[in-house]
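Down below is the structure, laid out as structure tokens.
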């Protein structure tokens, strides 16, 4: 199934084995297709946001953020992963060119959001990565979903992949600030500071759990 999905995705551009040149028209055209997929996915998630907020009488989804990966970031990731620098490798292997982040108040909101997205008729969820129960070594916590959505391209439909991240406000605080610190340090934090960040991530996770329990106590 996954191979079939990957192969169908390579038909998006028809470029196949052509080497990537981020300055060329072909690359910009491909990015515009991901932007269409991002806009369509955001519209679907905003409908989910409205319905969830009505059902639970509070903002289960606090906000939705979208971004397209920068050309340099795409190329750097492909080099880091040792992928061939052609369009087939890009489309098949780089799943987070289109990225959406959903931020919610409580940890208990994440399963609610996940369930509704998985039941969506518009978004096909291909993979789920649970970093809540198994945080990354850095301390990062959250839920990631790789999904795809059909986009019309010149009268034909192609499935375009995107990454959907779901985080609590606390998780998002840690992740965004950690990213900024790493950027300033050029991704080379000292061992001591790295250990501190992992400790703070665990501390924030404990607070997140306790606040969710208090919320559940008064929600029933």
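The numbers here are math on the coordinates, done by the rules we state, and not lab data. Please read these numbers as outputs of a predicted model, since none were measured by experiment. Cβ atoms come from the backbone with ideal geometry, glycine included; neighbour counts cover every protein chain shown.
Just to be sure I understand: with springs between alpha-carbon atoms less than 10 Å apart, which residue in 192, 61, 75 has the highest mean-square fluctuation in the Gaussian network model of the chain? Answer for the Gaussian network model of the chain: 192. If both residues of a DSSP beta bridge must be in the stretch 88-220, then about 75% of such bridges are antiparallel.
Evaluate E = 1/(1 + (r/R0)^6) for residue 47 and residue 216, where r is the Cβ-Cβ distance and R0 equals 25 Å; express this FRET efficiency to the nearest 0.05. Mind dumping the intermediate values first?
Working: r = 26 Å, r/R0 = 1.04.
FRET efficiency, residue 47 to residue 216: 0.45.
In the chain, the longest principal axis of the Cα atoms and the axis of helix 71-80 are about 90 degrees apart. Taking the chain as a Gaussian network, where each spring joins two C-alpha atoms under 10 Å apart, which residue of 76, 53, 95 fluctuates the most? So, out of 76, 53, 95, the one fluctuating most is 76. Between the Cα long axis of helix 169-184 and the first principal axis of the chain there is an angle of about 60°, rounded to the nearest 10. When the Gaussian network model of the chain links Cα atoms closer than 10 Å, the mean-square fluctuations of 133, 86, 63 top out at 133. Think of it as helices only: each DSSP H run of n ≥ 4 in the chain is worth -39500 (n - 2.57), and spread over all residues that comes to -17000 deg cm²/dmol at 222 nm. With the Cα gyration tensor of the chain giving a ≥ b ≥ c as the square roots of its eigenvalues, does the rule (a/c under 1.5 for rounded; else a/b larger than b/c for prolate; else oblate) give rounded, prolate or oblate? Note, shape of the chain comes out oblate.
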